[in-house]
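The values are calculated or read from the model by the stated rules, or taken from the named source; none is laboratory data. No experiment lies behind these values; they were computed from the predicted model shown. No Cβ is skipped: glycine too gets one built from the backbone with ideal geometry, and neighbour counts run over all protein chains shown. To get the accessible areas, we keep the full protein, side chains included, count just its heavy atoms, and leave off ligands, DNA and RNA. Shrake-Rupley method; radii C 1.70, N 1.55, O 1.52, S 1.80 Å.
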Amino acid sequence: ANVMEVTHGNETWAGQFVNLKDKLDFSSQTMIKLKVWASDTGTFRLKLEDQSNSNNFVELDASITQTNTWQELSWDFTGTAADFDRLVIFPGWGITTPDVFYVDDIKQE
């Protein structure tokens, strides 16, 4: 019933973030997955940050390969430290034209 609508602006680095209550733990659940609906193919970047140290972060990319339909994307954080309590998404990484993306079902598995 609830879907995030993201309007990507002209900046390739434009993104949205959410601060998490607890740090992510990748000792047993190493994947972050979400569903995206996009009108164009391209790169979807996921960034994890430490709110208390902006120099501590990790970024991984996934490819949007399907248009005008829901596609599940996955990022594998195996071996990543449990230092991150901010999740940042860049659904139109690398594009310089405005576009609308829909994001749903963000989960750690």
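Of note:
- Residue check for Phe90: at pLDDT below 95 and touching a Lys or Arg at 6+ places or on another chain (Cβ under 7 Å): yes
- Residue in the range 69-81 that is open to solvent by 70 Å² or more (accessible area, probe 1.4 Å) and of a type in the set (A, V, I, L, M) present: no
- Test: Asp105 is at pLDDT 95 or above and over 22 Å from Glu11 (Cα atoms): yes
- Of all residues in the range 34-52, none satisfies being touching a His at 6+ places or on another chain (Cβ under 9 Å) and touching a residue at least 24 places away in the same chain (Cβ under 8 Å).
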